[in-house]
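First comes the structure, then the notes that go with it.
The values are calculated or read from the model by the stated rules, or taken from the named source; none is laboratory data. The structure presented is a predicted model; accordingly, all values stated were derived computationally and were not measured. Neighbour counts are summed over all protein chains in view; Cβ atoms, including those assigned to glycine, are modelled from backbone coordinates with ideal geometry.
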Amino acid sequence: MIVEIGHIALIMALAVALVQAVVPMIGASRGDGRLMALASTAAGIQWLFIVIAFLALMNAYITSDFSVFNVASNSHSAKPILYKIAGVWGNHEGSLVLWVLILATFGGAIVLFGGNLPPALRARVLSVQALIAVGFLSFSLFTSNPFQRVSPAPLDGNGLNPLLQDPGLAFHPPFLYLGYVGFSVAFAFAVAALIEGRVDAAWARWVRPWALIAWSFLTVGIALGSWWAYYELGWGGWWFWDPVENASFMPWLAGTALLHSAIVCEKRDALKAWTILLAIVAFSLSLLGTFLVRSGVLTSVHAFATDPARGVFILGFLVVVVGGSLALFAIRAPRLKAGGLFAPVSREGGIVLNNLLFSAAAATVLLGTLYPLFIDALGAGKVSVGPPYFNTVFVPLMSPLVVLAGIAPMLSWKRADLGGIVDRLKIIAALTALVLVWTVYQVWGNAVFGAFGIALSAWLASSVLLDWALRIRLFRASPLDSMRRAMRIPRAAYGMNFAHFGVALLVAGVTASSAWRTESLQVMREGESISVAGFEFLFHGVDRAEGPNYAVDRGHFTVTRGAKFTVELWPENRFYPVQQQPTTEAAIHTMWNADLYAVVGDPDGNGGWATRIYYNPLVPWIWLGALVMALGGAVSLSDRRHRVGAPKRSQSTPMPRHAAADIVR
Amino acid sequence: MTRKKRRLYVLLVAAVLLGGATALVIGAFRGNLVFFFSPTEIFEKSVEPGQRIRVGGLVEEDSVVHDADGLTVHFRVTDLSHAVMVTYRGILPSLFREGQGVVIQGRLDETAHFIADEVMAKHDENYMPPEVAEALKKSGQWKGDDE
Amino acid sequence: MNSRRLFFLLPVIVFGVLCAFFLRGLSLDPSTVPTALADKPVPFFDLPPLDDETIALASSDLVGEVALVNVFASWCLPCRVEHPLLMELAVTGKVALHGVNYKDKPEDARAWLDELGDPFLRIGADRDGRVGIDLGVYGVPETFVVDRTGRIRYKHVGPISQSDLEKYLLPLVEKLRQ
C-alpha cells in the first residue's frame, strides 16, 4: 500500500512539475503576477510529493519489502540498517529518486531564500528547474520505475553489492548529487537571464552562493569517492581517471571556473556571456556524466547496470536541455551589453587566465573520456585511454594555475601595479626556493618531478599565508590590533584563502604520494617481518572470523619503528555469502605525514600469504586539502554579503530601457 | 585599453593556450592509447610484441596456476574460440575467479604469451553474480544476434 | 559582428557533434564478454539430474527434435519474472523445454520449482557453472533454441517476454521444424 502511495506521489510530482514548468513561464512573459506566484506554490507541493515518494521507497527498504523488485534486487534482510537505507540510492532506480528529491529541495530553497528576487526572475528560474524535474521524473517513471512489484515475491533479497556496503560510499552519492543538482540552480538562473535578456551585478550576486553550495558539495562528494576507492579497492591509488570519476570531475572543473568568473561578473560587470556559458556548461557536464554512467556508451569498472533504452531517453533529454540552452545562448548572448574594461595585468586578467586554464583542463578530460567512444563510433577499433594520458595533459595545465593562484589575489581590480607586489613575490619566491632546496635535499635522486610539485604547493601556501599576515599586520601591529584586523577581514576573503590553501595541501599530497610512494609485494609467513620505508612490518598470520553479514579472513601486522612507534594493522578479506562475492579491506594507519597501508591477498598453499604494503607519504593531505577547500566554500557562504538571496538588485544600473524591451519584446 | 584591444589579448592568450593544449593532447594520445583485443583477434591479427594492449574474455576453468613464489599466476583468457596464456605477478583482484569475465592490460612477448601488469575484474552495483546484472541490463532490449 | 555571432554559436555546434557520436555510441555494445556459438553444435555435456524427481540432461538429448534450453537459478530475480511464461509454454506443449540449473544448490532449486511450478522436461544441474561456461552463458536467464541436428540457432539473453515468445522464439521453432 505504502509502495503504491509512493508511486502515485511520484506521478503527482510529475504532474505538478509540468504545471510549474509551463504556467510561470507564461506568467513571466505576460507579466501576470498570479501565474508567476504559482511557481512557488508548485515548487512546495512538488517537493512534498517527492519526499513522500522517497520515504515510501525508504520504508520498503527498511521493512525489507521484497515484493518490490528494486528492494529484492538490492537489499537483503540480514543487512545492517545503515546499508538498508543507503541501499535506496545504491542502485540506478533509487538513485534517481534521490536525484529528484535533491532537485526539488533546491527548488524549495529558491522559494525559501529567494524572497527578494524580482518575481519574473524567480518564476522563470523555478520554471526552468521544473523543466529539469519533468525530465528526471519521466525518466524515473517511464524507464526505471523504483516501485515496480515482483510477484510472487522472493523470500529474501539479493543484497547490496558488498563493495558498496561501506560508510564512505553510503554518503558519496548524496554529496555528489547535491553538487550536480546544485549546479542546476546556476543553470536555471543563466537560462532565466538569457530569456530576460538581463545580466548584471545583482544577477551574479544571486548566482554565486548557489554555485558555491554546489561546488562545495561536489568537492566533498568527489573526495569521498576517491577516499573510498583508496581504501576499498586495495590498490593503494586514489584516482584512476575512470570514466565515472571523470564524469564527476568535469562539472567540478567547469564549476570552479564559474565560481571565479562570477566574481568578475559581480564586481566588474564584465565576462557576462562567458559566465552564463559556464553556468550552462557546468550543469550540462553533470547531465553528461549521468548519461555516460547510465547509458552504457562507455565501459567503466564501476558503472551502473546499463540499458540502451535509458541511454536514448537521457540523450533526448540532453538534447532538449543542453542543446536548447546552448541554442538560446547563441541567439541571446551576443546582445548582452559588454561590461567593464580591464588591463591584462589585473585581477580580472588573472581570473580570465584561470578560466581559460580550467576550461582547457575540462576539455582535455572530456576528450580523453570520450575518445574511446569516438574511435569506436568511427569503427577504428576499441581503445582505452588510461591515466598516462590524463597525467601528461593535466599536470602542465594545472601547474600554471597553481602559480597563478599565488599571484592573482594580490592584483588589484581593473589595472594592477606589478611593481607594488614584487616585494611580496620576492618573499614568496624565497620561501618556495627554500622548500625546493629542502625537498631536493631530502629525496635526492628521484626528486625532479616531486620537488617541482612541492615547490608549487609551497608557493601557493606561502602566498596565502603572507597575504593574511600582511592584512592583519602580523608582528607589525600589536597582537590585539592584529586580532581585531583578522576579525574584520570579510569572510569571503577568508573563504578564498581557505580554498587556495586547500589546493596547496592537495597539490603537496598528490605530488608526494605519486612521486615517493613505496610499494612492497611479497609472500609472508607467520612471524616473518619486512622493512618498508623505515617501518618494520611483522606478520602474525591470518585468522578467520564472522562479521554481521560476511565471513572474514583477518590478517595481523605489528608495525614498529624504533622503540617508540608501534601500530597494529588488521587488513581483511571479506566474503559475503548472499552475493557470493569477496571484498578487500585495506588496513590503513594514518599519520600526519603519511599512510601505512597493508593488504592481504591469497594464501600460497604452503602457509604463506601474498601481502602488499605501501608507504604513502602525504596522502592524507589530499582529502584534508579537499575538505579545507569545501570549508572555504562554507566560510565564504557565511559572509553576510553572500547569504543566499540577501542582495537586492541595485536600481542604479538598469539596462537601457530600449535594449531590454528589444530583447524581451 | 580599448575593448577591441582587450578582446585581442584574450583571444591571443586563448589561442596560445588552445595550441598548447592541443599539442599536449596529441602528444599524450600518441603514446598512451591502449587498443582492445579479444583472444580471437590476437590469434587472427598480428599484434606487435611489446605493444600495450587490453584483452577481455573469460578466465578459463582450471587454467589458473600459482607459481611457487606465491605471487606469480598463470591463467588463460578465452573467448570460447581462442585463448591467450597470461602471466601476472601480484595480488589478483578479489573478484577474480575462474569462469568470470576479466579485462587484462599488458604486453605480448615474442612467444605470444601475455604479460599482464593489470588485471581488472568487472564489478557492478548489481550485487549478485555480475552476469545477472548483464541479463537485467539486456532484458527486453537484447535480440541475441551475438553482437 | 558576424564573426562574433559565430563565436556564440560554437558551443551548440560542438554539442551537436558530440550528440551525433553519442547516438552512434548507443547502438554499439561496449561489453566485452563474447558469445559466439550461433549455428554451432551444442558443446558436449552430460549433466546429472537436479534430484530424484527430475530427468538428467545431456547434449545428446538435444538431437532429434527442436528444443528450448533455459538456463535458470533460484537466486536469479529475472528468472522469477519470466517463469509464469515458461509454465504457460509447457502447458501448450508447443516445444520441448529443458532447463539448466546454473550455479545453484539443489535444495534451493527444488524449493523454487515447488513454489513456482516445474515447466521443464529435463533439468541438468550445473552446480559449478562449467557447462554454463561452455555454452557461453554470462547471465541468467538465457534461453537457447536448438534445432533437430543439435545446433544452437538462437540465444535469448534476459527474461523472455510475451512478445519475445510470440514474435521471435515460437516462429523460429516453427521454421526449424519444417
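Some values worked out for this structure:
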| quantity | calculated |
| --- | --- |
| Evaluation of B:Gly57 against (1) at the interface with chain A (Cβ under 8 Å from one of its Cβ atoms); (2) under 21 Å from A:Gly386 (Cα atoms); (3) surrounded by 18 or more Cβ atoms within 10 Å (Cβ to Cβ); (4) small (Gly, Ala, Ser) (one fails), failing number | (1) |
| Output for the stretch A:585-605, where each listed residue is at the interface with chain B (Cβ under 8 Å from one of its Cβ atoms) and either crowded, with 22+ Cβ neighbours inside 10 Å or free of Cβ contacts under 8 Å to residues at least 60 places away in the same chain (or both) | A:Val599, A:Gly601, A:Asp602, A:Gly605 |
| Filtered residue count, the stretch C:65-84, keeping only those that are free of Cβ contacts under 8 Å to residues at least 60 places away in the same chain and not polar (S, T, N, Q) | 5 |
| Selection status of A:Leu466, touching a Lys or Arg at 6+ places or on another chain (Cβ under 8 Å) and at pLDDT 85 or above | yes |
| Residue count, the stretch A:365-424 (criterion: within 28 Å of A:Gly237 (Cα to Cα), surrounded by fewer than 17 Cβ atoms within 10 Å (Cβ to Cβ) and hydroxyl-bearing (Ser, Thr, Tyr)) | 1 |
| Per-region count, the stretch A:546-562, residues over 22 Å from A:Asp595 (Cβ atoms) and away from chain B (no Cβ under 14 Å) | 3 |
| Residues of the stretch A:570-584 classified as touching a Gly at 6+ places or on another chain (Cβ under 7 Å), modelled with pLDDT of 80 or more and at the interface with another protein chain (Cβ under 8 Å from one of its Cβ atoms), total | 1 |
| Selection count, the stretch A:214-258, where residues are small (Gly, Ala, Ser) and within 27 Å of B:Leu33 (Cα to Cα) | 9 |
| Breaking point among (1) assigned to a strand (DSSP E or B); (2) surrounded by 15 or more Cβ atoms within 10 Å (Cβ to Cβ), for A:Thr558 | (2) |
| Leading residue by the ranking (modelled with the highest pLDDT) among those in the stretch C:17-45 that are in a helix (DSSP H, G or I) and within 7 Å of another protein chain (Cβ to nearest Cβ) | C:Cys19 |
| Matching entry among A:Ala327, A:Ala309 (being modelled with pLDDT of 90 or more, under 28 Å from the mean Cα position of the chain (by Cα), surrounded by fewer than 16 Cβ atoms within 10 Å (Cβ to Cβ) and not assigned by TED's automatic domain parsing to the domain that holds A:Leu131) | A:Ala327 |
| All positions within the stretch A:64-93 that are farther than 19 Å from A:Ala153 by Cα and of a type outside the set (A, V, I, L, M, F, W, C) | A:Pro80, A:Tyr83, A:Gly90, A:Asn91, A:His92 |
| Residue check for A:Val523: part of a strand (DSSP E or B) and either more than 14 Å from chain B (Cβ to nearest Cβ) or farther than 19 Å from A:Ala229 by Cβ (or both) | yes |
| Residue in the stretch A:69-114 that is farthest from the other protein chains (Cβ to nearest Cβ), counting only those that are more than 19 Å from A:Pro167 (Cα to Cα) and of a type in the set (Val, Ile, Thr) | A:Val111 |
| Which listed residue, of B:Val77, B:Val10, B:Val47, B:Val86, is more than 9 Å from chain A (Cβ to nearest Cβ), of a type in the set (Val, Ile, Thr) and over 22 Å from B:Ala121 (Cα atoms) | B:Val47 |
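To keep it simple, each residue is scored yes or no on (1) assigned to a loop (DSSP other than H, G, I, E, B); (2) over 30 Å from A:Arg574 (Cα atoms); (3) within 14 Å of another protein chain (Cβ to nearest Cβ).
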site	(1), (2), (3)
A:Trp235	yes, no, yes
A:Trp238	yes, no, no
A:Thr256	no, yes, no
A:His260	no, yes, no
A:Ala273	no, yes, yes
A:Leu278	no, yes, yes
A:Ala282	no, yes, yes
A:Phe291	no, yes, yes
